[in-house]
Amino acid sequence: MAGTEIPVREKQSDAQQPVFISNKLALWFAIACGLSVANIYYAQPLLDVIAGEFGIARSSVGIVITVTQACYALGLLLLVPLGDLVNRRWLISGQMLLSVLALTVIASAPGTGILFAGMAAAGLLAVVTQTLVAYAATMAAPSERGRIVGRVTSGVVIGILLARSAAGVLTDLAGWRSVYLFSALCLLIVALILLRLLPNERPKESLTYFQLLRSVILLFKEERVLRIRSMLCLFIFSAFSILWTSLVLPLSLPPLSLSHSAIGAFGLAGAAGALGAARAGRLADRGRGQLTTGIALALLLMSWLPISYTGHSLTALVFGILLLDMAVQAVHVTNQSMIFNVRPEARSRLTAAYMIFYSIGSAIGSIAATSIYAYAGWSGVCWLGAGVSTIALLFWALTRRLT
């Protein structure tokens, strides 16, 4: 199936870069991103049922998320940089088709070994999301880059939120394995659509694969903006993961004892995150990235107060989720908009270097949250989240004049 041949810029300026992305293609990018990233988050509202079926202790069940996140980080290093080297039409479609296979393995897993192997593969391949974001940034005009990145990233936000809701509903209707079969079917359809829509590209960088990977490390060493924004990424997604990994535990236990559908529905409360992502992208285009970051980090810290009242008021929880998701996604989009302007010819590698810190933060947050919950309950989790959020705000204040 042949795609349309397009010229690909090799280290040319943004002013010379033609614009290829259409609203239709941006929409499919957002859908593909949402479906792919959802594979990392389906398990979060299902931790209790997975723990029960496979005999995993509640204090250790966070390892299911940690395995996925750790392999996602590995995929960021090994797969995402390929977007600067090979034809992204085949790279994107191929990873999505392999994800279909990994999801099928999870759905049919007879024991923990196969389950973890499937989760690991799904996490590794879900990095296609970041290849899509970097590709969208490359295809967009400089004055529109923040808006386009925000639009595509909003698909990521919605995918994360719907992952929890869909996982809860499908589990109540047909068991947790149906969640992964449903995801496999959706990904298969979208992969075939993108295979038809994405253009072919001419060869780009004349690097070996080893040189490509080495350049990821060099970019991090050379670019201060990348280092600072990567640390902010680690902090905000640690806080994000602290909430969403552990939230299922107090909601599923007495006195609340909510169903999986009800627990998953709380993900919809974070729909403001998508709005925050889109708005933050526009502000970044206007040069207001630092101001947006500071306000968002302050909101992130404030969100833990209403979240701490989960046992007394679900309304307070919903309000806290709104604040937290909006703040995290606003900082995330601002981060990406700022680092994409550093080295236009290396956006896939910049994405890889940055998003590795996303996975590290998410993995740390997941395992820390379930461990703290086992010893200090929900209040301990909230203090942990507030502490990480405070560190993020202080780090921004100390480094904001350096970028």
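For the reader, a short list of remarks on this structure follows.
- Computed over the range 291-368, the P(r) curve from all C-alpha pair distances, binned at 5 Å from the origin, holds 3, 15, 17, 19, 20, 13, 7, 4, 2, 1, 0 percent per bin.
- Ellipsoid fit via the Cα gyration tensor, the range 52-152: semi-axes of 32, 15, 11 Å, each the root of five times an eigenvalue, largest first.
- Length gained when the stretch W383-S259 is fully extended (0.36 nm per residue, less Cα-Cα span): 42.0 nm
- When the charge dipole of the range 20-402 is built from unit charges on Cβ atoms (+1 for Lys and Arg, -1 for Asp and Glu) and taken about the Cα centre, the candidate among L194, L124, I40 whose Cα reaches farthest toward its positive end is L194.
- Normalising the average separation of contacting C-alpha pairs (under 8 angstrom, six or more residues apart) by the number of residues puts the relative contact order of the range 20-402 at 28 percent.
- Ordering L323, T245, L25 by Cα displacement along the dipole of the range 20-402 toward the positive end leaves L25 in first place; charges were set at the Cβ atoms of Lys, Arg (+1) and Asp, Glu (-1).
- For N200, the residues 5 or more places off, or on other chains, whose built amide H falls under 5 Å of its own are G3, T4, E5, I6.
- Highest-first arrangement of 386-395, 39-48, where packing means the average Cβ count within 10 Å: 39-48, 386-395
- Length gained on full extension, S143 to N341: 70.2 nm, using 0.36 nm per residue less the C-alpha separation.
- Spacing of the two label points (7 Å from each Cα toward its C-beta) at R286 and R400, in nm: 1.7 nm
- Basic side chains Lys and Arg get +1 at the Cβ, acidic Asp and Glu get -1 at the Cβ, and with that the dipole of the chain about its Cα centre reaches some 940 debye.
- Most tightly packed first, judged by the mean number of other beta-carbon atoms within 10 Å of their residues, the peptides 354-363, 209-218 read 354-363, 209-218.
- Over the range 20-402: Rg over Rh, Cα atoms, Kirkwood Rh: 0.95
- By the combined test of axial Cα extent (at least 18 Å) and Kyte-Doolittle hydropathy (mean at least 0.0), the qualifying DSSP H helices of the chain come to 23-41, 63-78, 88-107, 112-125, 145-174, 177-197, 209-222, 224-246, 272-285, 289-307, 314-339, 347-399.
Here, each number is a calculation from the coordinates, and none is a lab measurement. For clarity, every value in this text was computed on a predicted model and none was experimentally measured. FYI the Cβ positions are ideal-geometry reconstructions off the backbone, even for glycines, and counts take in every protein chain you see.
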